[in-house]
Structures are given as C-alpha cells and as structure tokens.
Amino acid sequence: MSSLNRELSTDSAFAAGRNSWNRHYHNSVVQPLLTDLYQITMAYAYWKSGKIDDHAVFDLFFRTNPFQGEFTIFAGLEECLKFLDSFHYSETDIEYLKHALPQGIEDEFFEYLSQLTAKDVTLYAIEEGSVAFPRVPLIKVAGPLIIVQLLETTLLTLVNYASLMATNAARYRMVAGKHIHLLEFGLRRAQGPDGGLSASKYSYIGGFDGTSNVLAGKLFNIPVKGTHAHAYITSFTGIDELKTRVLQHKEDGTTRDLLELAMEHRAAIASVLDVSTDESSEGELAAMVSFAIAFPDGFMALVDTYDVKSDKALGEPTEELSDPPDSVVCDSLCAGRLLDQDADAGSLLPVGCTALPEIPEEECNGCCAEEHGETPCTLHDDVDVEPSSAGDEQEQQAEEEATEPDAAEESCPPPSITVEDEDEVPVGEGEPGKGGSDENGNEDIEDQNVRNATEQEQEEQGEDDESHENQVDVPEEEIEEQKEEDDGGGDGGGGGGGEDEIIRCANCEALNTMIHHLKSVGKSFRSGLLNFCAVALGLNDQGYRAIGIRIDSGDLAYLSCLARETFERIAERFKLPWFSKLTIVASNDINEDTILSLNEQGHKIDCFGIGTHLVTCQRQPALGCVYKMVEINNQPRIKLSQDVGKVTMPGSKNVFRLYGADGHALIDLLQRVDENPPEVGQKVLCRHPFQESKRAYVIPTQVEPLYRVYWAEGRVAQVLPSLEEVRERVQASLRTLRQDHKRTLNPTPYKVAVSDNLYNFIHELWLQNAPIGELS
C-alpha cells in the first residue's frame with residue numbers, strides 16, 4: 001500500500017475522491033513503465049556517468065494556446081501527484097526491463113532502479129483549474145537528475161490531454177451560456193477506455209453538467225445522465241407487445257391503463273395540432289408507454305425515430321403535407337371580418353375555410369356564422385357527417401348561426417393582427433435539413449443547420465407551383481362539393497379571396513401558424529412529438545411529470561422552436577403551465593460552431609448532448625506540452641534554436657499574475673527565484689522575453705503568486721480540492737480575464753512577460769552559448 005493511501009485516513013490530501021464510491025481511485029495503467037524507452041536508457045547513461053547525485057530542475061509548459069484561442073485550463077495535477085506517490089519499479093518491471101533493454105547493462109543499475117522513489121522530488125505547480133498561458137511553466141520539478149528525467153513522459157501524458165480536454169469543455173460552456181445544460185456523451189467515440197474516462201472527468205471540470213459514462217460517475221462522483229437509443233423505440237412494432245400497461249398513481253396508488261390514457265390524449269392532441277393519429281407510429285407509442293412505466297418520474301423520450309407513411313426524406317415536403325397557408329377560418333368578429341361587415345352590413349363571411357379536425361367548442365374563441373350556403377368552419381363541423389348529406393346540414397347550420405350573432409359577440413374578443421403570407425419563412429426558420437443520413441439515420445449536421453442549396457431551386461420553381469399550392473389530397477366527393485359551393489357562392493360579398501393580406505384575430509392566427517409549421521415538418525418528428533405529448537399527459541393523470549424530449553437529427557433550431565411552441569400550446573389547452581417548460585435536449589455531432597449558429601437562429605434547446613467533437617478535440621488533437629531542463633547543479637541551462645519560439649527560458653523561476661485597475665488579470669510575470677516579488681502599487685518593468693523593444697511599466701492593484709509546493713519530502717504538501725472545487729475554480733479563473741481574451745473570433749492575446757533582470761540573464765546566457773560563425 002502506497003504511503004499516500006496510508007496517510008489518506010488522517011490528512012485527506014486527495015479530497016477529489018470525497019463522496020465518491022472509490023475515493024482512492026488510481027489508474028493502474030499510470031506506472032513507471034508508462035514512459036518512452038529513451039528515458040530509461042538515458043537513466044542508465046546518467047548512472048554510468050556517475051550523475052546519481054546531480055540535482056536538476058525541469059519546466060513543463062506549452063508554447064501555443066489550443067483551438068485558436070488565447071487561454072488554456074490547467075488540469076491533471078492530481079493525477080501527477082498520485083503518480084509520484086506510487087512511483088516504484090516492481091519485481092516484474094525489473095524482470096521485463098532486463099529483457100527489453102540492450103544487453104550489457106549491469107545488474108547494479110537494475111538494483112538501483114528497484115530502490116528508486118520520488119521521495120527526494122519537489123514539485124511546484126499553479127492551482128489546478130486555473131487559466132494558463134504559453135511559456136508559463138504549469139509544473140516545475142526539482143530533484144535528483146535521474147528520477148526527474150524518468151518522470152517526463154508520464155507527467156506530459158497526464159497533463160497534455162487533461163488540460164486540452166478541460167479547455168475544450170470550458171469553450172463549449174462559454175458559447176452555450178450558463179443557463180444551458182451540457183452533457184458529455186463521448187465514451188463510444190473516445191480514444192479507448194482511458195480516453196473515455198479522462199474525457200468524462202475533465203469535461204466536468206471544464207464546465208459540463210454530467211456524463212453518460214457510468215464508470216466515470218462512480219469513480220469521480222459526476223452526475224450521470226441519459227435517455228434511450230433508437231433501438232428501444234424500434235424494438236416495439238405495435239401496442240400488442242406491451243406486457244405491462246397499468247401504472248399506479250403517485251399519490252393515492254390507484255392504477256390505470258397508461259396506454260388507454262395516452263391514446264385518449266393523442267386523439268385530443270391530434271385535433272388541436274391537426275396531426276392525424278394515422279401519421280403516428282403504434283410501435284413508437286408502445287415503446288414510449290413502456291419506458292414511461294419503467295421511469296415515470298424521469299420520462300425523457302427520443303422523438304425522431306420513424307418516418308411514418310412517407311417515403312420522403314425527413315423535412316422534404318410531400319404533396320400530402322402541403323396545406324394552403326390560410327386553412328383556419330377566422331373568428332366571426334375579428335377585424336378582417338368586421339371590415340367585410342362594414343361593406344355589407346347583412347353579411348358575415350368566412351375567409352376561405354378548409355377541412356380541419358374537430359376542436360371542442362369551448363376551445364374556439366369565435367363561432368362560425370356563415371351565410372349564402374358557404375362551407376361552415378370545421379372547428380364546429382361534425383366530423384362524422386356522411387359526404388352525401390354534408391351540404392344540407394351545412395346550409396341548415398349556417399342559417400341557424402346567422403340568426404344568433406349575439407352568441408358570437410360573447411365568445412370572441414375583437415383584437416386583430418395583420419398576417420403576412422406564411423409561406424414566406426424567415427431566414428433561419430426554414431424546413432428541416434434535407435441532407436443525407438449515416439448508418440444510424442442521423443443526418444449530417446452541416447445539412448441540418450445550414451440553408452440547403454435546393455431551397456434556391458424551390459424558389460425558382462415558386463411561380464410554376466403557385467397555381468398548385470392550395471391542392472391537398474382530399475376525397476373526390478369533397479372536391480365536387482367544393483366546386484358546387486364555389487359556383488353558388490360567387491355573390492358572397494368578397495370573402496377576401498383576392499386580397500394580398502388577411503386580417504384575423506390573434507388566437508386564430510396563432511393556431512393557424514402552428515398547424516402550418518406542423519404540416520411542413522418531417523413526419524418522423526410529428527409522430528414522435530405527438531406520441532410523447534400523449535404519454536406525458538397520461539403520466540400527468542397519474543401524478544407524474546415528464547422530463548422532456550431529445551432530438552437527434554434534422555434542423556435542430558427549427559425543430560426545437562416547433563417543439564417549444566407545441567408544448568406551450570398544449571400547456572394552454574390543458575391548463576398545465578409546467579408542460580411549456582419541458583426540457584428539449586439536442587444531440588447529433590454538435591460542435592462549437594454548431595452551437596454558435598444555433599444561438600444566432602434563436603433555438604429553444606435547453607440541453608446539448610455532445611460527444612465526438614468534445615472528447616476527441618477534433619479542432620486540435622494535442623496541446624503540445626514540453627518538459628525542458630532549465631537548471632542542473634544550480635547552473636542555468638538554455639536550449640537554443642533558430643526558431644525563437646523554441647528557445648527556453650533558463651533557470652528556476654517564479655511566476656506572478658498582475659491585475660489591473662478594473663480587477664482583470666493584466667499580465668503574467670516570470671522572475672528569477674532570487675528576485676523580490678512585485679508589490680501592489682509599485683511600478684514594475686515588464687519585458688518581452690526575446691524582443692527588446694517590447695516593454696511596458698505596470699502598476700498592479702493585485703499581485704497573485706501562482707506557484708505552490710504540491711509535493712515535497714515524499715508526500716503531498718497541500719490538501720487538494722475536490723472535483724467540484726476544481727470545477728468552480730475554472731469558472732472563477734475565467735472571470736478574471738477580459739472578455740476580449742475569451743471571445744471565439746480573433747481574441748486578444750494575453751501578455752506574458754519577464755522581469756528586466758530575467759531578460760538580461762536570458763540574453764547574456766544566449767550569447768555565451770550561441771556559437772560564433774566564421775566568414776571566409
């Protein structure tokens with residue numbers, strides 16, 4: 001048992017494991033042999049040269065910020081300290097090295113390795129979760145040359161990916177905003193099991209709210225979240241497969257058939273939203289009912305599985321989906337109708353009414369007063385009337401309603417709005433993407449949230465299609481009836497058929513707008529949304545509240561707006577305010593640019609599930625940290641290069657962060673360890689390390705020393721923060737930066753400087769070590 005684990009019971013140094021199921025978790029892969037071969041061969045060469053007692057200082061730093069940004073989040077320190085604590089070559093390690101290393105190595109060297117530990121190493125570092133910048137050493141390691149050399153590769157692999165991952169997650173958090181939930185869904189796309197675990201841990205540190213990775217939840221106490229896959233929906237083919245249908249009431253324990261409740265609600269919702277129940281999948285409904293019974297308090301459903309009764313791609317308009325833009329009759333007393341009444345006081349004529357499902361009379365804000373034999377508003381029309389007798393009953397109803405104008409006045413308020421042609425969809429709210437799909441049916445994100453080139457072709461064909469825009473698939477009997485009504489109603493006094501704009505009441509227009517949107521959406525989403533709402537209302541009857549939906553394909557901005565509008569409509573219809581607040585989760589290959597685009601389009605998404613682009617850091621797969629010797633036996637060392645960016649800053653150094661008058665971090669200053677630290681209110685000369693003319697005076701309002709001793713005398717020297725505390729540190733540290741340093745496009749570089757003393761020291765040493773050329 002390591003010394004650290006023995007001491008944890010008394011000093012709780014590794015507090016990051018507090019409240020987790022495995023508070024002492026240490027990745028067994030992280031061990032001394034997790035290194036490059038040349039580290040061990042150099043160790044033998046050092047040993048052979050008698051450098052056992054040499055003392056060295058190494059700096060671990062990076063040269064460029066990732067993702068074209070101007071900050072980096074330092075992470076991985078805790079794992080580095082666990083590695084130091086457990087550093088020891090086992091017997092099997094030594095046996096393997098005897099076979100792996102070249103022949104001729106003395107047995108005394110292997111004996112030396114078997115006794116090697118990190119007890120004589122001192123490690124300095126900035127606080128984990130802090131923002132860091134190029135050339136500022138994240139970690140400074142001092143100790144015996146051989147051991148600090150052997151630590152190099154392992155420390156780099158522990159810091160490189162952790163810091164890159166935390167930085168990537170922090171950038172996602174910034175573009176999403178603080179009120180949007182972010183979930184890490186990347187385990188299946190990560191670079192191996194360890195990459196998946198590290199991604200879950202450091203995305204949480206960077207600002208994500210949870211993970212789908214169950215093991216990461218256990219090991220690191222990260223909230224675990226998830227819904228279900230398309231496979232669960234497709235595993236049901238019909239309602240006959242439901243083995244369990246009843247659900248107990250949450251409060252009184254009474255049982256009811258959830259499927260029956262859902263089907264009743266589905267019929268009512270279909271009437272409100274003008275979505276036929278024939279367009280929804282019975283297997284999908286069965287799957288949702290089954291899942292809701294299993295998790296009544298956590299019902300979250302995937303709603304884009306099936307494309308029902310359509311052989312078209314998701315979002316591609318079909319003839320049966322094309323409705324005339326003005327399919328809802330307006331209230332009899334709204335402004336547009338009153339204008340007609342002024343022209344002819346004896347007539348109240350509808351503005352073109354086509355067949356709609358029945359809506360309960362109490363839900364309609366206006367009555368349907370018709371004259372002259374026109375088709376009555378089907379909001380009150382009897383849907384069970386036979387076609388052969390429809391005309392007589394419609395005429396009778398129109399005559400009865402024409403004699404009762406007072407009833408209409410009581411039921412419909414007169415406010416009005418001007419409505420433009422709804423076919424003119426605003427930019428960013430077009431039809432769902434028409435792009436291709438992968439093997440899982442998930443469409444390419446580039447085709448989903450960017451206007452497709454085919455829209456231009458549709459616009460060019462607009463004039464040719466204009467004469468057909470009001471054609472829908474209806475029975476031939478209804479077509480004949482409509483012709484007869486058109487012939488007989490020509491003297492109807494201008495119902496608005498030739499007007500450029502229509503004026504109708506706000507409530508009728510709101511319903512008409514949503515119906516038109518629903519008609520234009522791919523049927524897979526219509527089916528899933530209808531079935532989800534039906535099951536959610538059934539759960540409500542039994543005292544439970546659904547959580548929300550997940551959208552995994554299509555135009556995420558458009559579909560999220562449509563879903564939110566649907567939830568709000570149902571909340572109003574059924575007097576359930578919480579329904580309008582249901583959570584909308586979006587997934588499907590989301591990256592930083594996707595979120596920025598969705599923000600511009602005014603999405604209604606509450607939570608993003610992000611996988612591939614997050615865990616693989618596709619925009620930059622490596623941070624590029626390096627580990628360079630800067631001092632040996634108290635003698636500074638410098639690495640020279642024709643590339644000035646690769647010249648190291650020699651000697652053991654301290655780092656201070658200086659703050660300006662506005663409270664933001666202004667500059668990071670590196671000094672030699674024997675220099676006096678800068679003081680608040682005192683002028684400090686800050687210089688570019690390699691460009692002589694770049695210099696400035698700074699009068700700091702706050703001076704923050706960045707280094708702390710984290711490992712000394714063979715043990716952890718600080719009580720380490722928990723994962724939650726590191727997570728909070730990230731956000732607090734980011735708040736110290738000006739906004740222009742954090743913006744995604746052309747951020748302002750943060751300044752890193754050296755003291756005047758260190759500047760002169762660097763250049764003096766440079767001249768001493770640079771060879772002098774000879775001209776001939």
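The values are calculated or read from the model by the stated rules, or taken from the named source; none is laboratory data. These numbers come from a predicted model, not from an experiment. All Cβ positions, glycine included, derive from the backbone under ideal geometry; neighbour counts span all protein chains shown. Remember, those area values only see protein heavy atoms, side chains included, never the ligands or the DNA or RNA. Shrake-Rupley method; radii C 1.70, N 1.55, O 1.52, S 1.80 Å.
What tally of residues in the range 733-756 results from selecting those that are over 21 Å from the mean Cα position of the chain (by Cα) and touching a residue at least 60 places away in the same chain (Cβ under 8 Å)?
Residues meeting the conditions: 15.
Kindly provide the set of residues from the range 587-624 that are hydroxyl-bearing (Ser, Thr, Tyr), in a loop (DSSP other than H, G, I, E, B) and either open to solvent by 40 Å² or more (accessible area, probe 1.4 Å) or outside the structural domain of Leu530 (by the TED database) (or both), ordered by number.
If the condition is that a residue be hydroxyl-bearing (Ser, Thr, Tyr), in a loop (DSSP other than H, G, I, E, B) and either open to solvent by 40 Å² or more (accessible area, probe 1.4 Å) or outside the structural domain of Leu530 (by the TED database) (or both), then Thr616 is the only one that fits.
Report, by residue number, each residue of the range 688-698 that is open to solvent by 20 Å² or more (accessible area, probe 1.4 Å) and either within 22 Å of Leu734 (Cβ to Cβ) or assigned to a strand (DSSP E or B) (or both). Don't jump to the end; show me each part of the working.
Of the range 688-698, the ones open to solvent by 20 Å² or more (accessible area, probe 1.4 Å) are 688, 690-697.
Scanning the range 688-698 gives Arg695, Ala696, Tyr697.
Test Gly195 against the stated conditions and say whether it is within 22 Å of Cys80 (Cβ to Cβ), out of contact with any Cys (no Cβ under 7 Å at 6 or more places or on another chain) and open to solvent by less than 40 Å² (accessible area, probe 1.4 Å).
Answer is yes for this residue.
Quick grid of which residues meet (1) open to solvent by 40 Å² or more (accessible area, probe 1.4 Å); (2) in contact with a Phe, Trp or Tyr (Cβ under 7 Å, 6 or more places away or on another chain); (3) outside the structural domain of Glu728 (by the TED database):
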| residue | (1), (2), (3) |
| --- | --- |
| Tyr96 | yes, no, no |
| Glu106 | yes, no, no |
| Gln115 | yes, no, no |
| Ala142 | no, no, no |
| Ala162 | no, yes, no |
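So that you can scan it fast, the table gives a plain yes or no per residue for (1) at pLDDT 95 or above; (2) crowded, with 16+ Cβ neighbours inside 10 Å:
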position: Glu152; (1), (2): yes, yes
position: Ala176; (1), (2): yes, yes
position: Lys201; (1), (2): yes, yes
position: Gly210; (1), (2): yes, yes
position: His228; (1), (2): no, yes
position: Glu260; (1), (2): yes, no
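What are the residues in the range 631-684 that are open to solvent by 40 Å² or more (accessible area, probe 1.4 Å) and touching an Asp or Glu at 6+ places or on another chain (Cβ under 9 Å), if any?
Those that are open to solvent by 40 Å² or more (accessible area, probe 1.4 Å) and touching an Asp or Glu at 6+ places or on another chain (Cβ under 9 Å): Asn633, Arg637, Asn654.
Hey, among the residues in the range 301-328 that are open to solvent by 20 Å² or more (accessible area, probe 1.4 Å) and under 28 Å from the mean Cα position of the chain (by Cα), which one's modelled with the lowest pLDDT?
Checked the range 301-328; the qualifying residue modelled with the lowest pLDDT is Ala313.
Could you grab me the full set of residues in the range 117-140 that are crowded, with 24+ Cβ neighbours inside 10 Å and among the charged types (D, E, K, R)?
Correct list: Glu128, Lys140.
Mind checking which residues of the range 189-215 are among the small types (Gly, Ala, Ser) and either over 20 Å from Ser722 (Cα atoms) or assigned to a helix (DSSP H, G or I) (or both)?
Ala190, Gly192, Gly195, Gly196, Ser198, Ala199, Ser200, Ser203, Gly206, Ser212 - these are the residues of the range 189-215 that are among the small types (Gly, Ala, Ser) and either over 20 Å from Ser722 (Cα atoms) or assigned to a helix (DSSP H, G or I) (or both).
Do we find a residue being assigned to a helix (DSSP H, G or I) and surrounded by fewer than 16 Cβ atoms within 10 Å (Cβ to Cβ) anywhere in the range 706-721?
Checking the range 706-721: not a single residue is assigned to a helix (DSSP H, G or I) and surrounded by fewer than 16 Cβ atoms within 10 Å (Cβ to Cβ).
Which of the residues that make up the range 244-258 are within 12 Å of Val289 (Cα to Cα) and either surrounded by fewer than 18 Cβ atoms within 10 Å (Cβ to Cβ) or touching a Ser or Thr at 6+ places or on another chain (Cβ under 6 Å) (or both)? Walk me through it before giving the result.
In the first step, residues of the range 244-258 are kept if they are within 12 Å of Val289 (Cα to Cα); the result is 244-247, 257-258.
The answer is Thr244, Val246, Asp257.
Restricting to the range 262-294, and then to whatever is acidic (Asp, Glu) and touching a Lys or Arg at 6+ places or on another chain (Cβ under 8 Å), can you tell me which residue is most open to solvent (accessible area, probe 1.4 Å)?
Going through the qualifying residues, I end up with Asp278.
Among the candidates Ile547, Ile584, single out the residue that is open to solvent by 10 Å² or more (accessible area, probe 1.4 Å) and not assigned by the TED database to the domain that holds His181.
Of Ile547, Ile584, the one residue that is open to solvent by 10 Å² or more (accessible area, probe 1.4 Å) and not assigned by the TED database to the domain that holds His181 is Ile547.
Quick one: Glu241 ticks every box in (1) more than 21 Å from Gly298 (Cβ to Cβ); (2) open to solvent by 80 Å² or more (accessible area, probe 1.4 Å); (3) acidic (Asp, Glu) bar one, so which box is it?
(2)
List every residue pair whose Cβ atoms lie under 6 Å apart, where the two residues are 6 or more positions apart in sequence or sit on different chains, the first residue falls within the range 113-131 and is closer than 16 Å to Ile205 by Cα, and the second residue, located anywhere, is polar (S, T, N, Q).
Taking only residues 6 or more apart or on different chains, the pairs are Ser130/Ser733; Val131/Ser733.
Which of the residues that make up the range 560-581 are open to solvent by 20 Å² or more (accessible area, probe 1.4 Å), touching a helix residue (DSSP H, G or I) at 6+ places or on another chain (Cβ under 8 Å) and among the hydrophobic types (A, V, I, L, M, F, W, C)?
Passing the criteria: Phe574, Leu576, Trp578.
Give me the residue from the range 63-88 that is open to solvent by 80 Å² or more (accessible area, probe 1.4 Å) and within 38 Å of the chain's Cα centre (by Cα) and, out of that set, nearest to Gln39 (Cα to Cα).
Thr64
Whether any residue in the range 745-753 is open to solvent by less than 50 Å² (accessible area, probe 1.4 Å) and either at pLDDT below 95 or not assigned by the TED database to the domain that holds Glu127 (or both) is what I want to check. Explain how you work it out, then say what you get.
Quick first cut of the range 745-753, residues open to solvent by less than 50 Å² (accessible area, probe 1.4 Å) only: 747-748, 750, 752-753.
If we keep only those that are either at pLDDT below 95 or not assigned by the TED database to the domain that holds Glu127 (or both) as well, we get none.
No - not one qualifying residue is present in the range 745-753.
Having 3 or more residues that are within 26 Å of the chain's Cα centre (by Cα) is the bar; report the strands (runs of 3 or more DSSP E) wholly within the range 89-188 that clear it.
In the range 89-188, 181-184 are the strands (runs of 3 or more DSSP E) which contain 3 or more residues that are within 26 Å of the chain's Cα centre (by Cα).
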